[in-house]
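Values in this text are rule-based calculations from the coordinates and carry no lab data. The model shown is predicted, which means the values in this text are computed figures rather than measured ones. Positions of Cβ are generated from backbone atoms using ideal geometry, with glycine treated the same way; all protein chains shown enter the neighbour counts.
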Amino acid sequence: MPQERDKKRYAKPLPHIDEENRPWWEAVQRHELYIQKCRDCGDLRFHPRALCTNCLSSNTEWVKCKGSGRIYTFTVTNQNQASGFRDSLPYVLAWVQLDEGPKLMTNIVDCPPERVKIDMPVEAVFDDVTPEVTLVKFRPATARS
Amino acid sequence: MSLSRKTALVGVYEHPTRFAPDKSMYQIMAESVSGALQDAGLTIKDIDGLCTAGMGMGPMGIVGFCDYMNLTPNFVDGTNIGGSSFVAHTAHAAAAINAGLCEVAVIVYGSTAASGRFAIGTGGGGGGGDPCDQYEFPFGPTTVGAYAMIAQRHMYDYGTTPEQLAEIAVTMRLHASMNPLAKYRDPITVEDVLASRVISSPLHLLDCCIISDGGGALVVTSAERARDLKKKPAYILGAGETVRHAARGQRDFLEIAAAQSGRLAFERAGVSHKDIDMAMIYDSFTITVLTTLENLGFCKRGEGGAFVSGGRLRYDGDFPINTDGGGLSSNHPGMRGMFLVIEAVKQLRGECGPRQVKDCKIALAHGTGGALGTRHSGATLILTNQ
């Protein structure tokens, strides 16, 4: 699948990285995926936040994920006028449920859109879209499929 | 404290325009306020409460609109929770009137979404500033796509079919054919819906609402004052509102805001599902209707596909909805909750001509704002003419 990085300038929106979320984005740059776990009540959360949404504790453990999960739901996007995306149609938008529990929004790559199915086992691929930003996408799992 | 029958909608106005390149959003809003006041038999001098939200307004848009209209109300509510805002405003206005904060509240909306060429459903380039946006916008979620993911999961879990979703669009078009103001009035078939191009799987073009210009306004006052006004009052029986989102990564995506807002509205209104004679259900997409009906409790989760089939939702069916043709065929100027309340009131008054639901005594309106597949609001309102 053609990657945006082959172009001169990456045209899709990039995340705003701040002091609260920087550790997560830096880990992704190292090709590592983390979720957070409250050290006080044990609640898991994604995306990263300073305080636990269950008990408001700021005592947080970063849990490294295996990078494996299953497609919870998806859509093959055939129309999006927005800059960057209109040049990469069709693309697969999905919510993936990590084996650790939380769901995250992503793209399914390295797979023809017509073969994408709910509950398909997938594994993380780290797409270094710019020198500063890496995005976590998923492809069909090689070992388990 | 129960709000039941203490306040009423006494004026409604749907702006007839569907395409108005010659008008500003503010002019459409002002004309809508004028229309609703005339409908109620009130004047601009009677307004002492104002509620609005819009897509083209600034963050303090309600103050700008008061400037434009030269209003200095005693109560203002600029709550913006997307397309459901005006359903929520109606409840907020009722509560404010009941609490003595104001006496006559006007709720208004206007938009030039079509003539301004907003790519509402398929412009997912976003770049919003909220923390959650940073983990979503990089992957290209369009509004259609976010709803499509709900449809995909519903089909996977319950075997819901594209034909069942298509029947919702077909029914809305039938209703639009009886509404002279509707933008699209030519009948369509299930085959037409399935043959239209797939925008974001599994949703076809005709599973998606249209984009139009438009506007409307509502007037709410106390039940006591309502008795002396021109039109038969539509009393507010109960209301509820809430939001749903990714829930720190742990959401059950087929449970939507309507489950909570609907439960609250029914409890507060003191009526049950079988008492509802017709409903106005936000139809941004066909799947929105199906999941909303399930979550409001009109059928069980997973049974929505069967529930919407066989003509049940037609104006002359067992459970009529969206008799104006809905967002799928009549109008959708960006935030459609306004028109849910307007049509519900017209049905309760018996003003709907060929699409009138027989013996309509209790109506429900449910607005959805945002996107079911990412985050959204839901607001439910139950009204009666009794």
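Okay, here's what the table says:
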| quantity | calculated |
| --- | --- |
| Rel. contact order, % - alpha carbon contacts under 8 angstrom, at least six apart, the stretch A:17-64 | 36 |
| Label-zone membership for the stretch A:13-39, site A:C55, 7 angstrom Cα→C-beta point, backbone N under 12 Å | A:38-39 |
| Cα→Cβ-extended label distance, 7 Å offset, between B:D22 and B:Q250, nm | 5.8 |
| Chain A: relative contact order in percent, alpha carbon pairs under 8 Å with at least 6 residues between | 22 |
| Per-residue average of Cβ from other chains inside 10 Å of B:245-255 | 5 |
| Sorted peptide list for A:9-22, B:80-93, criterion being average Cβ within 10 angstrom, highest first | B:80-93, A:9-22 |
| For B:D77, residues with placed amide H under 5 Å, excluding near neighbours | B:L50, B:C51, B:T52 |
| Whole-Hz ³J(HN,Hα) from phi, Karplus 6.51 cos²θ - 1.76 cosθ + 1.60, for the stretch A:76-88, glycine and proline x | 8, 8, 9, 9, 7, 6, 5, 3, x, 6, 5, 8, 10 |
| Distance in nm between pseudo-label sites at A:R86 and A:R9 (7 Å out along the Cβ direction from Cα) | 1.5 |
| Calculated SAXS-style log₁₀ I(q)/I(0) at q = 0.26 Å⁻¹ - the stretch A:17-64, Debye, Cα scatterers | -0.93 |
| Shielding by other protein chains, A:94-102, mean Cβ within 10 Å | 3 |
| Shape box of the stretch A:66-145 [Cα atoms, principal axes, largest first, Å] | 34, 31, 21 |
| Ascending count of other beta-carbon atoms within 10 Å, so fewest first, for A:W95, A:W24, A:W62 | A:W62, A:W24, A:W95 |
| Proximal charge balance of A:A124 [Cβ under 9 Å; K/R count +1, D/E count -1] | +2 |
| Gyration tensor verdict on the protein assembly as shown (Cα atoms; rounded if a/c is under 1.5, prolate if a/b is larger than b/c, oblate otherwise) | prolate |
| Those lysines that a straight Cα-Cα span of less than 25 Å connects to A:K64, excepting residues fewer than 8 apart in one chain | A:K37, A:K103, A:K137 |
| Relative contact order for the stretch B:172-313, counting Cα pairs under 8 Å that sit 6 or more residues apart, in percent | 16 |
| Fewest-first ranking of B:F137, B:F319, using other Cβ atoms within 10 Å as the exposure measure | B:F319, B:F137 |
| Shape call, the stretch B:125-233: gyration tensor on alpha carbons, a/c limit 1.5 | oblate |
| Two-site FRET efficiency, B:T43 against B:Q386, from Cβ-Cβ distance with R₀ of 35 Å, rounded to 0.05 | 0.80 |
